[in-house]
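> Here you go, one structure.
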Amino acid sequence: MKRRLFLQLSPAAIVGSVSATMLMPAQARSKEPDIQKPATDASAFHAMRRFASLPSGEIAYVESGQGDTALFLHGAPLNGFQWRGAIDRLSPYRRCIAPDFMGLGYTQVPAQQSLTADAQLQMLISLLDHLKIVAVDIIASDSGGAVAQLFLVRYPERVRSMLLTNCDVEPDSPPAGVQPVIKMARAGTLADETAKWLSDNTLARTTFGTAVFHNPSILSADNIACYVTPLVSSPLRRQQYHDFHLALEPNPLAGIEAALRSSYTPVRIVWGGSDTLFSMADAQYLDRLFPQSRGIRVVPEGKLFFQEEYPDVIAEEARRLWKA
């Protein structure tokens, strides 16, 4: 799921057209202002973190707001911190839950725990049951989008709506651009290369940051530490970071197209148009696939992790979808 983060990076550096009728014109967007809290920084986000003791392990998550639940699913090598801006904007309208996937972030699981997409889905179901949450509005990115699609297929009654951003699709999972990262994980070098970002923030910005952000300066020292520190904090965590990427194969979405095609859950697609890992063809595939697709909105300058840079777009599109 985290594979694509390194898409644009070589193994040495590493460690990734919609028709006018599909796009929502600016003047048609909601004029209602967002209710915003002060921006949540890394320190505040750490203070918000909770842990749920589940059969799979100690699952880290952040919760904010009340009412119907919005479930935020992140990409790799990120964690729930990716969604802080969207949560700031959407917590007045939803109970926002942002868990860390197993093998990433601050979630802690035993060595024998599977890290496949199916296992991640079962972890999410256990977490929602633990929190007494029946149904969710899913907002997902990257490999988290693959888990979101599996969620919809296996538990359709628990998904009210789904907002998908640059992510896996059945014909392109894992994408070719992630193969160098999977090879590094197989060779056992991925964690060591990622750890270099902690001591050399410039390296993080000029390699990983340039590949996945329009403005790599978003990777402050605190933000880099929030993402990288747990991944390399122990030999076990380093191995699980590798195992997470190895679990991206074989294709976790193989065979689900027919089930998604029969879904009547409302789906909105928001896509970074400058992403080189997940192309616009992937967004168009999703738009054709879902009978209740609400179309595509393109963020032209957005790369893989544009969601972190443009939280207003995520909040605007999520609220429009929820009102539909």
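Derivation of every value follows stated rules applied to the coordinates shown; laboratory data play no part. Since the structure is predicted, the reported quantities are computational estimates derived from the model, not experimental observations. Backbone-built Cβ (ideal geometry, glycine too); neighbour counts: all protein chains shown.
> Which Cα, out of Gln307, Ala283, Gly273, lies furthest along the positive dipole direction of segment 273-324 (beta carbon charges, K/R +1, D/E -1)?
About the Cα centre, the residue reaching furthest to the positive side is Ala283.
> Go through segment 257-320 and name the chymotrypsin sites (Phe, Trp or Tyr not before Pro) that are in a DSSP coil and have 14 or fewer other Cβ atoms within 10 Å of their Cβ. If you can, show how the numbers build up before the last one.
On the way: sites: Tyr264, Trp271, Phe278, Tyr285, Phe305, Phe306; in loops: Tyr264, Phe278, Phe305.
Sparse-neighbourhood loop chymotrypsin sites (Phe, Trp or Tyr not before Pro): Tyr264.
> Quick one: dipole size for segment 37-97, taken about the Cα centre, charges +1 on Lys/Arg Cβ and -1 on Asp/Glu Cβ, in debye to the nearest 20.
120 debye
> Roughly how many whole Å is it from the C-alpha centroid of segment 60-132 to that of segment 201-268?
13 Å
> How many nm separate the modelled label positions at Gln179 and Thr229, each set 7 Å beyond the Cα in the direction of the Cβ?
About 3.7 nm, to one decimal.
> Between Ile218 and Ser114, what is the spin-label point distance in nm, taking each point 7 Å from the Cα along the Cα→C-beta axis?
About 3.3 nm separates the two model spin labels.
> Treat each spin label as a single point 7 Å out from the Cα along the C-beta direction, and report the Lys132 to Ala39 distance in nm.
Roughly 3.7 nm, to one decimal.
> Can you list the equivalent-ellipsoid semi-axes of segment 179-249, largest first and in whole Å, using the square root of 5 times each Cα gyration tensor eigenvalue?
The three semi-axes for segment 179-249 are 21, 14, 10 Å.
> For segment 87-228, what does the alpha-carbon gyration tensor say about shape, rounded, prolate or oblate, given a ≥ b ≥ c as the root eigenvalues, a/c under 1.5 as rounded, and a/b over b/c as prolate?
prolate
> Let me spell out the model: positive unit charges on the Cβ of Lys and Arg, negative unit charges on the Cβ of Asp and Glu, origin at the Cα centre of the chain. What dipole size does that give, in debye rounded to 20?
Dipole magnitude for the chain comes out near 420 debye.
> Next question. Can you classify segment 93-142 as rounded, prolate or oblate using the Cα gyration tensor, where a ≥ b ≥ c are the square roots of its eigenvalues, rounded means a/c under 1.5, and otherwise it's prolate if a/b beats b/c and oblate if not?
Because a/c hits 1.5 or more and a/b exceeds b/c, segment 93-142 counts as prolate.
> Given contacts defined as C-alpha pairs under 8 Å and at least six residues apart, what's the relative contact order of segment 165-252, whole-number percent?
Working: 67 pairs, mean separation 33.6, N = 88.
Contact order relative to length: 38 percent.
> With unit charges on the beta carbons (Lys and Arg positive, Asp and Glu negative) and the dipole taken about the Cα centre of the chain, which residue among Ala185, Phe151, Trp197 sits farthest to the positive side?
Phe151
> How large is Rg over Rh for segment 247-324, taking Rg from the Cα atoms and Rh as the Kirkwood inverse mean of 1/r across Cα pairs?
Answer for segment 247-324: 0.99.
> Measure of size requested: the Rg and Dmax of the chain, with Cα atoms as the atom set and Å as the unit; please supply both.
When restricted to the Cα atoms of the chain, Rg and Dmax are 17.9, 52 Å.
> I've got another one for you. For the residues Leu219, Leu150, Leu104, what sequence is obtained by ranking on other C-beta atoms within 10 Å, fewest first?
Leu150, Leu219, Leu104
> Right, next: Only Lys, Arg, Asp and Glu count, each charged at its Cβ (+1, +1, -1, -1), so figure out the dipole size of segment 250-319 about its Cα centre, rounded to 20 debye.
340 debye
> Okay, which of segment 78-110 sit inside 16 Å, backbone N to the point 7 Å along the Cα-Cβ direction of Ala47?
88
> Still on this structure, I have one more. Which entries in Lys183/Lys303; Lys196/Lys303; Lys132/Lys183 show an alpha-carbon gap greater than 31 Å?
Pairs exceeding 31 Å: Lys132/Lys183.
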